[in-house]
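Asker: Structure below; questions to follow.
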Amino acid sequence: MPLSDYEKQVLAQMEAQLASDDPALATRLGSSHATTQPRKIAWGVVLAIVGITALVTGVALGGGIASVLVGVSGFVLMVAGVMLVLVGLRGVSVLGNQKSQRKASDKSSFMDRQQDRWDQRNAQP
């Protein structure tokens, strides 16, 4: 549901007030566009590949404490690499805007229903 002209005007006034009160916060909140960090993504991929290699090596070594340590450290490196890639992809929407907008509208309708139920409950004596 789109905003009315009045709501747009009130929102613009609120944004202007925030920018004048706390410019640093307004800058941080305003930069919500998708940002990728190629260096972190590259290091994450390299770390994940090293982790997978260490994990396979640990499995190939057979039994023993050394193979377990190599396998566990490989798994930890692999997970760290994936997390680094995800941090590098910060803000990128994989599902697309339509699904995220639909989910936001579903949440708002859910919250509206909950608010209505609360109001009905409080209105009864």
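Asker: Given the Cα-Cα distance of Leu86 and Leu18 and 0.36 nm per residue of separation, how much length would full extension add, in nm?
Answerer: Using 0.36 nm per residue and subtracting the Cα-Cα distance, I get 21.4 nm.
Asker: Ranked highest first by the average count of other Cβ atoms within 10 Å around their residues, in what order do 47-60, 64-77, 5-18, 111-124 fall?
Answerer: Working: 47-60: 15.9, 64-77: 14.3, 5-18: 10.6, 111-124: 8.9.
Result, highest mean first: 47-60, 64-77, 5-18, 111-124.
Asker: Next question, about the same structure. Hey, rough spin-label estimate for Val46 and Gln124, points 7 angstrom out along Cα→Cβ, what's it come to in nanometres?
Answerer: The two pseudo-label positions are separated by 6.5 nm.
Computed from the coordinates by the stated procedures, all read-outs in this text should not be read as laboratory data. Because the structure is predicted, anything quoted here is derived from the model rather than measured. Positions of Cβ are backbone-derived with ideal geometry, glycine not excepted, and every protein chain shown enters the neighbour counts.
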